[in-house]
Amino acid sequence: MTLLISLYLFALGLACGSFFNVVALRVPLGQSVVRPPSACPHCGHRLAARELVPVLSYALSRGRCRSCAAPVSPLYPAGELAAALLFVWAYLRFGLTAQGLIGLLLASLAVIVTVSDIRYMRIPNAVLLAFLPPLLLLRLLEPDGRSYAEYALGAIAGGGVLLLIALLSRGGMGMGDVKLLALLGLALGWKGALLTLLLGSFAGTAAGLVLLLRRRSKLRQPMPFGPFLMLGALIAYGYGDALIGSYLQLFK
């Protein structure tokens with residue numbers, strides 16, 4: 001049964017990932033996610049059904065438009081595959097539970113935020129507002145043994161810390177990141193929010209150093225922070241208690 005559910009969620013993740021790409025690429029531009037139908041951004045060729053199969057269509061076309069042979073961004077299959085793998089991870093980690101549903105929501109948010117922030121350096125308010133009601137409702141129904149105050153404090157602490165950093169950095173931190181961490185704090189609690197920021201900062205710093213060493217980035221070149229925050233959030237949500245417990249053991 002576990003294998004069947006995992007396969008189903010993998011397929012569902014691929015399909016949802018395709019839609020998440022549309023949301024991430026259109027919403028920041030103020031465009032509808034329904035119309036117009038998907039088309040090649042280079043020649044305007046409307047994509048047929050066979051060209052819309054997640055991951056497979058990209059692989060069969062060798063990453064190029066069938067009409068004009070222009071390269072297709074690898075963000076498309078990457079978003080689809082990431083959603084599929086994260087959906088399966090959420091199920092295997094939490095099962096068919098409220099915690100698992102929160103994991104699916106965080107996985108979905110991670111894909112949308114990552115694609116949008118990489119492409120436009122923006123995290124749309126509309127996306128964050130869309131995820132707020134279901135995350136809030138699930139936390140009210142399933143506080144996971146914590147008090148509601150801890151989650152409220154998570155939103156305040158998460159958004160507050162990044163807001164302070166944004167003010168001190170004078171534009172070095174976007175307000176989208178501030179709002180994102182506030183939303184994540186609501187889902188993870190204050191400990192999870194702070195762990196998310198710590199892990200995200202480490203991951204972002206490491207990625208920045210790698211790009212600098214490979215001479216693909218300049219020292220003051222802006223870098224999207226949303227993807228690293230979402231990576232930190234997924235790790236904190238899935239393994240935060242164990243990580244914090246292991247860290248505290250070092251002082252005993």
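The set of residues in region 120-160 that are part of a helix (DSSP H, G or I) and of a type in the set (S, T, N, Q) contains only N125. Of the residues L209, L186, L163, L195, the single one that is open to solvent by 80 Å² or more (accessible area, probe 1.4 Å), farther than 15 Å from D117 by Cβ and assigned to a helix (DSSP H, G or I) is L209. Does Y91 satisfy the condition of being touching a Ser or Thr at 6+ places or on another chain (Cβ under 9 Å), hydroxyl-bearing (S, T, Y) and at pLDDT 85 or above? When the stated conditions are applied, Y91 passes them. One residue stands out among those in region 166-176 that are in a helix (DSSP H, G or I) and open to solvent by 40 Å² or more (accessible area, probe 1.4 Å): the one that is farthest from Y120 (Cα to Cα), which is L168. Each residue in region 83-119 was checked for being open to solvent by 40 Å² or more (accessible area, probe 1.4 Å) and either in contact with a strand residue (DSSP E or B) (Cβ under 8 Å, 6 or more places away or on another chain) or not in a helix (DSSP H, G or I) (or both), and 2 pass. Of the residues screened, V55 is one that is surrounded by 12 or more Cβ atoms within 10 Å (Cβ to Cβ) and at positive phi. For the condition open to solvent by 30 Å² or more (accessible area, probe 1.4 Å), in contact (Cβ under 8 Å) with a residue 12 or more places away in the chain and of a type outside the set (S, T, N, Q), M223 qualifies. Checking W89 against (1) in contact with a Pro (Cβ under 9 Å, 6 or more places away or on another chain); (2) closer than 21 Å to D241 by Cβ, only one condition comes out false. Which one? For W89, the failing item is (1).
The values are calculated or read from the model by the stated rules, or taken from the named source; none is laboratory data. Remember, predicted model here, so these are calculated numbers, not experimental data. Because the Cβ atoms are built from the backbone with ideal geometry, glycine has one as well, and the counts that use them run over all protein chains shown. Side chains included, ligands, DNA and RNA excluded: accessible areas come from the protein's heavy atoms. Shrake-Rupley method; radii C 1.70, N 1.55, O 1.52, S 1.80 Å.
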